[in-house]
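The structure under discussion appears below in the form of structure tokens.
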Amino acid sequence: MKVADIVRAVEELAPPALAADWDNVGLLVGDPGANVKRVMVCVDATEAVLAEAVRTRAQMIVAHHPVIFRPVRHVTPEQTPVAYGAVRHGVAIYAAHTNLDVAAGGTNDVLADVLGLVDRRPLEPISLHDKCKIVVFVPADDLSDVAGAAFDAGAGRIGNYHECAFFCHGIGSFCGDEGTHPTIGEAGSREVIEEMRLEVICARSKAAAVRAAIRAVHGYEEPAIDTYVLEDAPPGCGSGRIGRLKRPVTVQTLINRLRKATGVGKVLLAAPGDKDADGRGTLVTTAACFTGSSESSHRQAAAQGATLFVTGELGHHDALDAVAAGMTVVCLGHGHSERLGMARLGERLVERLPKLTVVAAERDTDPYTIL
């Protein structure tokens with residue numbers, strides 16, 4: 001089995017197109033053609049996790065958080081110890097981050113499973129309608145200039161790849177009216193010429209700039225440029241999850257479920273009302289969850305009727321806002337809220353690739369210890 005086979009399987013479950021624009025997902029280290037028998041899954045590909053992978057002869061790590069996130073100028077033991085060490089030991093590293101968070105069956109759905117949410121839906125459904133395909137027809141000699149202009153204007157990026165395009169050959173015809181100045185032939189005469197079809201992807205916000213860039217270098221007076229909105233994301237994809245419990249249960253019951261599933265001994269709890277009562281006996285009918293750092297998503301949860309919000313981490317003032325809105329907040333810790341999702345991803349990989357061995361990293365732990 002090859003690294004590329006693992007990549008293909010992961011991306012069937014969590015398509016890179018679902019990732020946030022700021023994210024860095026995909027194969028970050030390694031050779032797609034390298035052989036793989038053993039894969040290690042984790043939240044963070046730390047030096048300790050890499051050492052465990054090397055010791056246990058795992059040829060690939062599938063991590064949640066990208067080991068390379070910002071632009072890298074130097075690949076050295078000091079500057080990029082994990083990436084450097086992975087290359088040195090021949091260990092590939094793949095990151096499935098925000099794409100796995102929002103995908104159906106991803107980290108948020110796994111946490112929703114623990115809570116027992118039914119009739120669930122994303123807190124914030126994701127849409128890929130911000131992407132479009134631009135198509136233009138151009139003489140073969142001008143193809144390089146037109147494609148380069150489109151790339152420079154922001155087209156041609158798909159996941160971790162840039163300058164992505166599709167070309168095909170065809171025949172075009174035109175006849176200029178009186179007063180036109182065609183690049184090829186003369187006004188009033190029908191011309192038939194060989195052309196290339198150029199297709200590129202871009203964000204809808206950049207479509208106007210891409211079309212303008214194409215027109216600026218295109219040899220025709222009136223180049224034919226088509227813009228197509230791409231298909232939306234698959235059903236069930238989006239940030240966070242919200243749903244109802246089959247029957248009302250107490251906050252304490254749900255905390256017990258979370259502790260048992262995650263192995264977390266203590267959680268952070270913020271609840272409305274009397275501090276001495278602490279809200280653990282409050283009955284919950286509708287709950288929401290958001291793995292990792294939820295930022296302002298508690299507002300979406302409150303607006304949609306949730307009285308309990310489970311997340312990895314929530315800022316001080318956001319927690320105050322949530323409590324003021326009548327919600328109880330449970331914070332598990334950033335990594336604790338995601339680790340179950342990575343374990344489930346490993347199980348799903350084995351379902352698709354039965355000959356593959358997948359293990360969860362034992363050295364993948366949160367940086368904080370609660371004393």
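Quick notes
- By average C-beta atoms within 10 angstrom, highest first, the peptides 77-90, 4-17, 326-339: 326-339, 4-17, 77-90
- The value of relative contact order for the chain, using C-alpha pairs under 8 Å at least six residues apart, is 20 percent.
- At R0 = 35 Å, FRET efficiency that the Cβ-Cβ distance of Lys2 and Lys266 yields, to 0.05: 0.25
- Mean separation of Cα pairs under 8 Å and 6 or more residues apart, divided by the residue count, gives region 131-229 a relative contact order of 47 percent.
- Order of Glu195, Glu351, Glu178 - criterion: other Cβ atoms within 10 Å of each residue's Cβ, fewest first: Glu178, Glu351, Glu195
- As a ratio to 2.2 N^0.38 Å, the alpha-carbon radius of gyration for region 131-229 is 1.11.
- Charge dipole of the chain (Cα centre as origin; +1 on each Lys and Arg Cβ, -1 on each Asp and Glu Cβ, all else neutral): 2160 debye, rounded to the nearest 20.
- With semi-axes defined as the square roots of five times the eigenvalues of the C-alpha gyration tensor, the equivalent ellipsoid of the chain measures 47, 28, 17 Å, largest first.
- Straight-distance crosslink candidates among lysines, where the alpha carbon sits under 18 Å from Lys266 and sequence neighbours closer than 8 are dropped: Lys275
- Translational diffusion coefficient (Stokes-Einstein; Kirkwood radius from C-alpha pairs) of region 35-89 at 10 °C, 1.306 mPa s, in µm²/s: 137 µm²/s
- Ranking of Asp318, Asp101, Asp177 by count of other Cβ atoms within 10 Å, fewest first: Asp177, Asp318, Asp101
- Counting only residues at least eight positions apart within a chain, or on another chain, the lysines with an alpha carbon under 29 Å from that of Lys131 are Lys206.
- Candidate lysines for bridging to Lys355, where Cα separation is under 23 Å - those fewer than 8 sequence places away on the same chain excluded: Lys2, Lys37
- Multiplying each eigenvalue of the alpha-carbon gyration tensor of region 6-156 by 5 and taking the square root yields semi-axes of 31, 26, 14 Å, largest first, rounded to whole angstroms.
- For region 256-300, the convex hull spanned by the alpha carbon atoms encloses 117 Å³ per residue.
- If R0 equals 22 Å, the separation of the Cβ atoms of Arg280 and His316 corresponds to a calculated FRET efficiency of about 0.55.
- For Val217, Val146, the sequence from fewest to most other C-beta atoms within 10 Å is Val217, Val146.
- For the peptides 18-24, 237-243, the ranking by packing is 237-243, 18-24, with the highest mean count of neighbouring Cβ atoms within 10 Å listed first.
- Once backbone amide H atoms are built at 1.01 Å from N, Lys131 has Arg204, Leu230 as its partners under 5 Å, excluding neighbours fewer than 5 places away on the same chain.
Quick note: the coordinates plus some simple rules give every number you see, no bench work behind them. Small disclaimer: the values here were computed from a predicted structure and weren't measured. In this analysis, Cβ positions are derived from the backbone assuming ideal geometry, glycine residues included, and neighbour counts consider all displayed protein chains.
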